[in-house]
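Below you'll find the structure, written out as structure tokens, and then a few comments.
The values are calculated or read from the model by the stated rules, or taken from the named source; none is laboratory data. Here the structure is a predicted model, which is why all the values come from computation and not from measurement. Quick reminder, even Gly has a Cβ in these numbers, built from the backbone with ideal geometry, and neighbours come from all protein chains shown. Just the protein is used for accessible areas: all its heavy atoms, side chains included, with ligands, DNA and RNA removed. Shrake-Rupley method; radii C 1.70, N 1.55, O 1.52, S 1.80 Å.
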Amino acid sequence: MSALDTQVFQERLLDERRRVVNAIDNIHTENPGSLGEETDETTFQDNHLGDIATATFDREMASSLEENSTHVLAEIDGALARIDEGTYGVCVRCGKPIGRERLDALPWATLCIDDKRKEERG
């Protein structure tokens, strides 16, 4: 892949990285403290069970979103490292180039489409 191509992907990856970091920060801002603090036992009698269930669901959803975002962030960081190493766009399994269309769709892809299909079947 040419330097021009990797620069375009690097810019896309850095933009996506900023977006993901902002999303993680937003999750932390929207959900400060712990669920226990939100549904403190001293106020338990004042809290309706529906309110506690909603708070629990919201926390679980935020936790899932954070976990997914953290995973994507690691994938993005890996792709940025591969750009620096000169191995970006090369399948980590077979060593063949990853198709441009695949990288356009998922710039942090590590597998060519054939190896990804094999992984999903396997």
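How many residues, within region 62-81, are farther than 19 Å from Asn26 by Cβ and in contact with a helix residue (DSSP H, G or I) (Cβ under 9 Å, 6 or more places away or on another chain)? Give the steps one after another, and end with the answer.
The first filter runs over region 62-81 and keeps only residues farther than 19 Å from Asn26 by Cβ, leaving 75, 77-81.
Subset that is in contact with a helix residue (DSSP H, G or I) (Cβ under 9 Å, 6 or more places away or on another chain): 77, 79-80.
Selection size over region 62-81: 3.
Filtering region 3-38 down to residues that are among the β-branched types (Val, Ile, Thr) and open to solvent by 50 Å² or more (accessible area, probe 1.4 Å), which residue is modelled with the highest pLDDT? Outline the logic, then answer.
Just the residues of region 3-38 that are among the β-branched types (Val, Ile, Thr), to begin with: 6, 8, 20-21, 24, 27, 29.
Imposing the further condition that a residue be open to solvent by 50 Å² or more (accessible area, probe 1.4 Å) reduces the set to 8, 29.
Working: Val8: 95, Thr29: 87.
Checking each candidate, the answer is Val8.
Give all pairs with beta carbons closer than 7 Å in which a residue from region 101-122 that is closer than 16 Å to Asp77 by Cα meets a residue that is surrounded by 13 or more Cβ atoms within 10 Å (Cβ to Cβ) and of a type in the set (Gly, Ala, Ser); count only pairs at least 6 apart in sequence or on separate chains.
Leu103/Gly89; Leu103/Ala109; Pro107/Ala79; Trp108/Gly78; Trp108/Ala79
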